[in-house]
Amino acid sequence: MSSLTPAVDAALRADRIVVTLLIEANLPGGPMRLMFGIGAIAWGAKVFRDTDDSFGALASIDAIEDGDDDEAPPFTFTMLPPTDAAAAAVCNPLNQGAEVFVWLAALDPATMLLIPDPELLGYFQWDVATLMPDAGSREVEIECVSAFDLLLEDDEGARLTDAFHQSIWPGEAGCANVTGLTEPRYWGMATPRVTGTVVTSGSTGADDRFVNY
């Protein structure tokens, strides 16, 4: 069964089809909505344009690939900022982690209006923007990682402490009042082996023991 809407499915089966890609990035300074092509496309309250006033236009979009097993391939697209200020806005480190959505959209060939609803091709997170200076051009390559990358984390280095717990879930104080722990718990690593000599105190006759390291 197709995941496309009946209208989009029918449009893609027609003799003449018009398709484009839509990209939305929810950046800290506001959403960036771009279309691959010329013009503008309205989708409800959202408008996707060929050029964003703050960031520039799309130059190219890499193919979106499916991963195998434990792979979550990244997605890369290239932009053409019109000014140095626009290039700096695209390369802003605060953009890292922003949500990025990519849709395949079909248009009515007669009216060039959007046929509801576009097909979501991928959900990513903005990772690294790299300025690619060249003679007579200014390009920025943006690499986005798949949101499924989060599912591949092995929790190596995790700790059963309040500080680490709240670094993942800020404000969740489930470990804040844990006291009296007598045995350490190791996450993401094997329990270290303790070596040493057990010495018995003979001065008091008690059976107190301690370990020399």
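Could you sort 58-64, 30-36 so that the peptide with the highest average Cβ count within 10 Å comes first and the rest follow in order?
Top of the packing list down: 30-36, 58-64.
Which residues' amide hydrogens lie under 5 Å from the amide hydrogen of ALA59, considering only partners 5 or more residues apart or on another chain, with H built in the peptide plane?
Close amide H contacts, sequence-distant or interchain: THR78, MET79, LEU80.
Would you mind computing, in nm to one decimal, how far apart the modelled labels at LEU131 and ASP162 are, each placed 7 Å from Cα along Cα→Cβ?
Between LEU131 and ASP162, the label points sit 4.5 nm apart.
Tell me the label-point distance for the pair ASP50, ARG13, using the 7 Å Cα-to-Cβ offset, in nm and rounded to one decimal.
3.2
Ordering ASP117, ASP84 by how much accessible area each has at a 1.4 Å probe, largest first, what is the list?
Ranking ASP117, ASP84 by accessible area, largest first, yields ASP84, ASP117.
Applying the Karplus parametrisation 6.51 cos²θ - 1.76 cosθ + 1.60 with θ = phi - 60° to the phi angles of region 160-177, what ³J(HN,Hα) value in whole Hz is obtained for each residue in order, glycine and proline being reported as x?
Karplus-based 3J(HN,Hα) across region 160-177 equals 8, 9, 5, 4, 5, 4, 6, 5, 8, 10, x, x, 8, 9, x, 9, 5, 10 Hz.
Need one number: nm distance between label points at TRP169 and THR191, each 7 Å from Cα along Cα→Cβ, rounded to one decimal.
Placing both labels 7 Å beyond Cα along the Cβ direction yields 2.5 nm.
The values are calculated or read from the model by the stated rules, or taken from the named source; none is laboratory data. Keep in mind that what you see is a predicted model, and the values were worked out from it rather than measured. Cβ sites come from the backbone with ideal geometry, for glycine too, and all protein chains shown count toward neighbours. In case anyone asks, the SASA skips ligands and DNA or RNA and just uses the protein heavy atoms, side chains included. Shrake-Rupley method; radii C 1.70, N 1.55, O 1.52, S 1.80 Å.
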